[in-house]
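Peer 1: Sharing a structure below in structure tokens format, with a few things to ask.
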Amino acid sequence: MNDRTKPSSLLTTGISRRGALKGLGAAAALGTAPGFVRYAQSQSSEPIRIGFQAHRTGIGAAYGRWYERTTAAAIKRINDAGGINGRPVEIITEDDGTDAARGAEVVEKFANQHKTDIVYGTLFSHVVVGSAPAAGELKMPYYVVSEGYHVASGKMNRYVLQPGITDVRAQCRSVAPWITSNVGKKITMIYPDYAFGHDHRDFFGPAAAEQGGEVIAQIPIPPTESSFTRYLPQIPSDTDVIYHVMVGPAVLTFVKELGEFYGGSGPKLFGFIDSLEAVDINSPGLEFLEGSHFWEGMPRYLQDGASEHEKAYREAVGLDENGASINDAKDVSTAAHMFGCWETLYIIKAAMEAAGYRGPEDRAKLVEATEAMTEFPEGAEHPQGAKVFDGKVHQVFGSQNISVVENGRLNVVHRTSIEDGRYEPEADYTTQPL
Amino acid sequence: MASERFARWSRGALAGARWTIALLALMPDQAFAHAADRGHVLLLPTGHYLVGGAAAVILTFILLVVAPLPALDRLARQRLPLGSVPVWPRLWGSAACLLLVCALVAAGFLGSRDPLSNPLPLMVWTVFWVGLTLVQGVTGNFWWWIDPWYAPWRLLAAISGWKDGFVVLPVWLGHWPAVVLFFAFAWFELIYPAPDDPERLAVALIGYFLTNLAAMLVFGHEQWSRRGECLSVFMRMIARLGVMEAGPTADARRSVALCLPGAKLVNAEPLPPSGTLFLLLALGSVSFDGLMRTFFWLGLFGINPLEFPGRSAVMGLGTFGLVATFVVLALGFFSAVGLGERLASAAGNMLPAAGALVWSIIPISMAYHFSHYLAALVVNGQYALAALSDPLMNGVDLFGTAGLHVQAGVLMGAERAWMLWNLQAGAIIGGHVLAVLVAHTIAFRLHGSTRAAAYSQAPLAVLMVAYTVFGLWLLSSPTGA
């Protein structure tokens, strides 16, 4: 199958999908391509250069693939519509190996060698945390798509922003009211015993209590565990809901053993799709999930009431109705997270236009322009839905989806309000010097 | 100015690093170590395969105790001559390969920074290291025809007159240069944080190529590619598993004959201890490549596999693991051979026996190579096709594959995981069964009797059973890194 709509799309549509993700040295070729005459009227036809810090190898590679596809689709659409401030956008991809130390190196390389305007696209928290000091030191705007609470916590710096995806704290808060009113009030949490699981433990428990729910048991599972039968008897018998956020290769085993433990009955289940991103929900071993609920950032399966914008986004990225690649039905996407790339790139575009961004000398202005943003209405640029941005904590807030597994598909049953996820900000980056 | 900037940056980076460490310890983190295809394998009855694999290897050994070894020996000597071919294409093959290497190195510097879009890392790690090794193992010494050092060496040797070098590579040096270079190669592949980075790989490749070209001028191409340049040494050794045998003829052509898989191993000259260690290092490095990703290994050292920090954080541990795997494997092998020689005869001489018997681990090495890199070959092979068509990522489409949609799903889902697992398990078990056959035939030649061969092979058979189980366990364990 071919990604290109036409063999000569570089010439006819301005930029091909593969061509959207350029390597070093490609700028000159782009600038002289006939498709770029439309940029000639702008002050400078030099491309805007976005450094894409990508997990192309290492533990994050499966996510990296879909972040790359979403990025390519968004850039193609942005360029087809005239680029940013009348200039074409060029993506320079550097692999960080999903490695925190290399992450910092990559940011430095973007700043000093590739001289990109900004750095964008990081998913894994440890890479964000490892790279943030370099971004701050080099005064390089660093737009992450990571979902971690690290940005909003105030522990990063003024140059680190997360405007395109909500954080885990907001996600936990958002789903608490619905769980306590619709699934049950007595909740047992099963989570991997490290930072990711601890986030859920620390953020969901208090949020559930505010809604009249009660976490009656917390069962941390050591991360290297691959069989769970000895932990399952710890689940109290009066549990209404099991809140599970297991991740890693043993998730399928976990679900299977949970099903065997309860033998078809038992408490209701609520999980985060993080556990099963890029995994077919109809895989053997997952049968016990039928009827259970999941958080989804953006629905994997095309919903009946999907907006035109959502459909257009799915088509641009290349998703079929089941959330897999249109070219490859087994290649299930990371749909719940990757929309963040698309939306972040449109925020970068909007902020650059608001700041009248011309080049690296305007990076501080770009950060200020991003901080000044408050609302992103639902639309082609924000197909996941409307959002509110808090410039003080550099974090966006939005609606979450709660889906039920029905006949081997995830169907959205509830969409939380933006307010459901809001919490008292704990930081104010705008007081830091630029 | 520059030094001032650097000093400021260093201070900042240091402060940043301290902050990073502090934050890493404190920060909540999300995990995306997803329930990939190993998750499906965890649901398969892999334990049965482990038992079945061990049983197959044990049964092979038992059958060999009673089998007519002279017949097996004769089988190994069977050849089906196919005629001869001229050798002139070698020079052109080498020149073409060198040209390709140069073009790839240029792409490494000038092309995309993305290791999955730049053809250099894909061609080196996937097409050459995985693909060509498999071709060599199945067919024969294809590398001989395309060795990129041959043509430039011929040219330089003709100009300088150093046709056989000007220094004799000392015999006592054995294969040690190759051992050292292979360790460096394996370290770069498995431990170094960024072996896929196109620019760094290009620099490494230039350094490796020129160093070895110089050594070939000094010691002669034939000698250095037999005992020094580790890729040629490895390729030549692995080719002994293949079904084609080639050799020089009186009229300066190359005779070609067909043989049974592994038959050439039985006839191979015994290796000196350094050569034996080279082969053990090659097998050890692929084994460690599997081991270092397992929950078991990471758990031993307190590394959370669900939030693997990245290679930079485990370089010391990785180096230790690579060396330790090699040492344990070598100790196991030499102990098994030594014990076997004692059981077979009072005057058993361990080192020559080890040098002959070590050829029997080639099928295992090949099986590990196939099993561990099959997935990478299938997926990254597609990226390679796309990257070759548009090597500098400037929109050209040389072979019509530049826009290829990489079918990552080819290995996804339970069904594919089952297929992949069966292919891997089949290769591991098959490789070990062939290894037992080869070792037994070699032992028969060493000792001259079926009975002595059986005694000498009992300890090695135990090792092979253990390695079968280990190999299957590696492929069925949860992995995180």
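Rule-based calculations on the coordinates, nothing more; no lab input. These numbers come from a predicted model, not from an experiment. Cβ atoms come from the backbone with ideal geometry, glycine included; neighbour counts cover every protein chain shown.
Peer 1: For chain B, just say rounded, prolate or oblate: build the C-alpha gyration tensor, square-root its eigenvalues into a ≥ b ≥ c, call rounded for a/c under 1.5, and beyond that prolate if a/b exceeds b/c, oblate if not. Intermediate results must be reported in sequence, preceding the final value.
Peer 2: Values: a/c = 1.64, a/b = 1.20, b/c = 1.36.
Oblate shape, in that a/c is at least 1.5 and b/c is the bigger or equal ratio.
Peer 1: I would also like to ask the following. Using the Cα gyration tensor of region A:82-215, with a ≥ b ≥ c the square roots of its eigenvalues, what is the shape: rounded (a/c below 1.5), prolate (a/b larger than b/c) or oblate (neither)?
Peer 2: Details: a/c = 3.14, a/b = 2.20, b/c = 1.43.
In terms of gyration-tensor shape, prolate.
Peer 1: Nearest 5 is fine: what % of DSSP beta bridges in chain B come out antiparallel, could you say? Kindly include the intermediate steps, with their values, before the conclusion.
Peer 2: Working: 12 of 13 bridges.
Percentage antiparallel, nearest 5: 90.
Peer 1: In whole Hz and in residue order, list the ³J(HN,Hα) couplings for region A:407-413 that follow from phi through the Karplus curve 6.51 cos²θ - 1.76 cosθ + 1.60, θ = phi - 60°; x for Gly and Pro.
Peer 2: Couplings: 6, x, 9, 9, 10, 5, 10 Hz.
Peer 1: Rounded to whole Å, give me the distance from the Cα center of region A:342-396 to that of region B:241-305.
Peer 2: So the separation of the two Cα centres works out to 55 Å.
Peer 1: May I ask which of A:311/A:349; A:155/A:387; A:268/A:311 have a Cα-Cα span longer than 27 Å here?
Peer 2: A:268/A:311
Peer 1: Which three numbers, in whole Å and largest first, are the semi-axes of the equivalent ellipsoid of chain A derived from its Cα gyration tensor as √(5λ)? Walk me through the numbers on the way to the answer.
Peer 2: Values: eigenvalues 289, 110, 72 Å².
After scaling each eigenvalue by five and taking roots: 38, 23, 19 Å.
Peer 1: Please give the calculated 222 nm ellipticity per residue for chain B, where each DSSP H segment of at least 4 residues contributes -39500 (n - 2.57) and the sum is spread over every residue; nearest 500 deg cm²/dmol? Before the final figure, lay out the partial values.
Peer 2: Numbers: 20 runs with 315 residues, N = 481.
Helix-only estimate at 222 nm: -21500 deg cm²/dmol.
Peer 1: Also: Work out the length of the dipole vector of region A:231-277 about its Cα centre, built from +1 on the beta-carbon of each Lys and Arg and -1 on the beta-carbon of each Asp and Glu, and round it to the nearest 20 debye.
Peer 2: Working: 2 positive and 6 negative charges, 13 e Å.
Dipole size: approximately 60 debye.
Peer 1: Using the Kyte-Doolittle scale, which helices in chain A average at least -1.0 and also have C-alpha atoms spread 24 Å or more along the helix axis, with helices defined as whole DSSP H runs?
Peer 2: Values: long enough: A:61-80 (28 Å, -0.76); A:335-355 (31 Å, 0.73).
In chain A, the long hydrophobic H runs are A:61-80, A:335-355.
Peer 1: So, one more: Mind sorting A:231, A:346 by how few other Cβ atoms lie within 10 Å of their own Cβ, fewest first? Write down the numbers at each step before the final one.
Peer 2: Working: A:231 18, A:346 22.
With the sparsest Cβ surroundings first, the list reads A:231, A:346.
Peer 1: Now for a separate question. Given +1 on the Cβ of Lys and Arg, -1 on the Cβ of Asp and Glu, and no further charges, what dipole in debye does the protein assembly as shown carry about its Cα centre, rounded to the nearest 20?
Peer 2: 3000 debye
Peer 1: A further question on this structure: Specify the inter-centroid distance of region A:255-277 and region A:88-117, based on alpha-carbon positions, in whole Å.
Peer 2: Using only Cα atoms, the two centres lie 40 Å from each other.
Peer 1: Taking 0.36 nm per residue of separation and subtracting the Cα-Cα distance, what length does fully extending residue B:155 through residue B:100 add?
Peer 2: Numbers: separation 55, 0.36 × 55 = 19.80 nm, distance 1.77 nm.
Full extension of this stretch gives 18.0 nm more.
Peer 1: Taking neighbour Cβ counts within 10 Å as the exposure measure, how do B:307, A:375, B:222 sort from fewest upward?
Peer 2: Details: B:307 26, A:375 10, B:222 13.
Final ranking by Cβ density, sparse to dense: A:375, B:222, B:307.
Peer 1: How big is the C-alpha Rg of the protein assembly as shown next to the rule-of-thumb value 2.2 N^0.38 Å, as a ratio? Write out the running numbers ahead of the final one.
Peer 2: Working: Rg = 29.6 Å, N = 915, 2.2 N^0.38 = 29.4 Å.
With N residues counted in the protein assembly as shown, Rg over 2.2 N^0.38 Å equals 1.01.
Peer 1: Given Cβ point charges of +1 (Lys, Arg) and -1 (Asp, Glu) and nothing else, what value in debye, to the nearest 20, does the dipole of region A:340-434 about its Cα centre take? Provide the component values of the computation, followed by the final result.
Peer 2: Working: 9 positive and 16 negative charges, 56 e Å.
Dipole size: approximately 280 debye.
Peer 1: Take the Cα atoms of region A:159-270, build their convex hull, and give its volume per residue in Å³. Please list the in-between numbers first.
Peer 2: On the way: hull volume 13.4 nm³, N = 112.
That works out to 120 Å³ per residue.
Peer 1: Counting only other chains, what is the mean number of Cβ atoms within 10 angstrom of the Cβ of each residue in peptide A:242-252? Present the calculation step by step, with values, prior to reporting the outcome.
Peer 2: On the way: counts 0, 0, 0, 2, 3, 8, 16, 17, 8, 6, 8.
Mean partner-chain Cβ count within 10 Å for A:242-252: 6.
Peer 1: Quick one: of the DSSP bridges fully inside the protein assembly as shown, what percent are antiparallel, nearest 5? Numbers along the way, then the final one.
Peer 2: Numbers: 33 of 69 bridges.
Looking only at bridges with both residues in the protein assembly as shown, the antiparallel portion is about 50 percent.
Peer 1: Apply 1/(1 + (r/R0)^6) to the Cβ-Cβ distance of residue A:238 and residue B:269, taking R0 = 45 Å, and write down the FRET efficiency to the nearest 0.05. Provide the component values of the computation, followed by the final result.
Peer 2: Working: r = 74 Å, r/R0 = 1.65.
Between residue A:238 and residue B:269 the formula returns 0.05.
Peer 1: Return the average number of partner chain Cβ atoms within 10 angstrom of each residue Cβ along peptide B:409-419. Mind showing how you got there, number by number?
Peer 2: Numbers: counts 9, 3, 2, 11, 10, 8, 4, 1, 2, 1, 0.
If you average over the peptide's residues, the count of other-chain Cβ atoms is 5.
Peer 1: Here's a follow-up. From the residues B:271, B:305, A:355, which one has its Cα farthest along the dipole of the protein assembly as shown in the positive direction, the dipole being from +1 and -1 charges on Cβ of Lys/Arg and Asp/Glu about the Cα centre?
Peer 2: So the residue furthest toward the plus end is B:271.
Peer 1: Another question, then. List every residue whose amide H lies under 5 Å from the amide H of residue B:111, counting only residues 5 or more places away in sequence or on a different chain, with H placed 1.01 Å from N in the peptide plane.
Peer 2: none
Peer 1: If you plug each phi of region B:433-448 into the Karplus form 6.51 cos²θ - 1.76 cosθ + 1.60 with θ = phi - 60°, what whole-Hz ³J(HN,Hα) values come out, in order, with x for Gly and Pro?
Peer 2: Taking θ as phi minus 60°, the curve returns 5, 4, 4, 5, 4, 5, 4, 5, 5, 4, 4, 4, 5, 5, 9, x Hz for region B:433-448.
Peer 1: Could you state, as a whole-number percent, how many of the C-alpha pairs of region B:87-259 are farther apart than 25 Å?
Peer 2: Working: 5229 of 14878 pairs.
Beyond 25 Å sits 35 percent of the P(r) for region B:87-259.
Peer 1: Amide H of residue A:331: which non-local residues (sequence gap of 5 or more, or other chain) have their own amide H closer than 5 Å, using H built in the peptide plane?
Peer 2: A:325, B:409
Peer 1: Hey, what do the phi angles of region B:278-284 turn into as Karplus ³J(HN,Hα) couplings, whole Hz, using 6.51/-1.76/1.60 and θ = phi - 60°, x for Gly and Pro?
Peer 2: Going residue by residue, I get 4, 5, 5, 5, 4, 5, x Hz, with x marking Gly and Pro.
Peer 1: Okay, moving on. Ranking A:146, B:232, A:227, B:274 by Cβ neighbours within 10 Å, fewest first, what do you get? Kindly include the intermediate steps, with their values, before the conclusion.
Peer 2: On the way: A:146 27, B:232 24, A:227 11, B:274 18.
Fewest to most other Cβ atoms nearby, the residues stand as A:227, B:274, B:232, A:146.
Peer 1: While we're looking at this one, here's another question. Determine, from the Cβ-Cβ distance of residue A:426 and residue B:109 and an R0 of 56 Å, the FRET efficiency 1/(1 + (r/R0)^6), rounded to the nearest 0.05.
Peer 2: The formula returns an efficiency of 0.75 here.
Peer 1: Please check which bits of region B:239-261 a label hung off residue B:135 would reach, taking the label as a point 7 Å along Cα-to-C-beta and the cut-off as backbone N under 18 Å.
Peer 2: Output list for this probe position: B:239-246.
Peer 1: Run the numbers for residue A:112 and residue A:287: contour at 0.36 nm per residue of separation, minus the present Cα-Cα distance, in nm. Please list the in-between numbers first.
Peer 2: Details: separation 175, 0.36 × 175 = 63.00 nm, distance 5.14 nm.
So the extension gain works out to 57.9 nm.
Peer 1: Here's another thing I want to ask about it. Answer rounded, prolate or oblate for region B:349-433, using the Cα gyration tensor with square roots of eigenvalues a ≥ b ≥ c: rounded when a/c is under 1.5, else prolate when a/b is larger than b/c, else oblate.
Peer 2: Values: a/c = 5.84, a/b = 1.90, b/c = 3.08.
Oblate, since a/c reaches 1.5 and b/c is not below a/b.
Peer 1: For peptide A:192-201, what's the mean number of Cβ atoms from other chains within 10 Å of each residue's Cβ?
Peer 2: Working: counts 5, 2, 6, 11, 9, 5, 2, 5, 2, 1.
Counting Cβ atoms of other protein chains within 10 Å of each residue's Cβ and averaging gives 5.
Peer 1: Compute the projected area of the convex hull of the Cα atoms of region A:71-110, averaged over all viewing directions, and report it in nm² to one decimal place. All intermediate terms of the calculation are to be shown ahead of the outcome.
Peer 2: Values: hull surface 13.6 nm².
Here the figure is 3.4 nm², rounded to one decimal.
Peer 1: So, one more: Specify which residue in the list B:223, B:58, B:209 is farthest towards the positive end of the charge dipole of the protein assembly as shown, using unit charges on the beta carbon of Lys, Arg (+1) and Asp, Glu (-1), about the Cα centre.
Peer 2: Value computed over the given set: B:223.
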